[in-house]
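All of the numbers you see were taken from the coordinates with simple rules; none came from a lab. Here the structure is a predicted model, which is why all the values come from computation and not from measurement. Because the Cβ atoms are built from the backbone with ideal geometry, glycine has one as well, and the counts that use them run over all protein chains shown.
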Amino acid sequence: MLNWEAHVPEPLKGDNPTYRLAHHYRPFTFVGLDYFGPFCMTVGRQHRKRYLALFTCLTTRAVHLEIAGDLSAVSAVLALRRMISRRGYPRRDIFR
């Protein structure tokens, strides 16, 4: 009788960046930003296009959504300020 043993190799793991291994930090200390849309929303009797800003916590993979008026830099800054008012400031020195 043959004795077959299943040998499953361990998957190779790459080097994780330091912000992915950050313990003892609050969520949204390290943040990624993405946009998606447009969505048609009704404001009063008018139909307007709006976009959603998707903020992702790079450590816990939590998600925070904000409505952005358009794809301009001013709209992105306003969405970032609203996220900061709820979640706190992200760190600035991640690439040092």
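Summary table
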| quantity | calculated |
| --- | --- |
| The chain: angle of helix 73-87 to the longest principal axis, Cα-based, in degrees nearest 10 | 70 degrees |
| In the range 1-86, the chymotrypsin sites (Phe, Trp or Tyr not before Pro) that fall in loop regions by DSSP, at most 10 other Cβ within 10 Å | Trp4 |
| Contour excess over end-to-end distance, with Cα ends at Leu65 and Ile84 and 0.36 nm allotted per residue | 5.6 nm |
| Helix-only mean residue ellipticity at 222 nm for the chain, each DSSP H run of n ≥ 4 adding -39500 (n - 2.57), per residue, nearest 500 | -5000 deg cm²/dmol |
| Magnitude of the charge dipole, the chain, Cβ model with Lys/Arg +1 and Asp/Glu -1, debye to 20 | 740 debye |
| From the coordinates shown, log10 I(q)/I(0) by the Debye sum over Cα atoms at q = 0.10 Å⁻¹ corresponds to which of (i) -0.75; (ii) -0.43; (iii) -0.20 | (ii) |
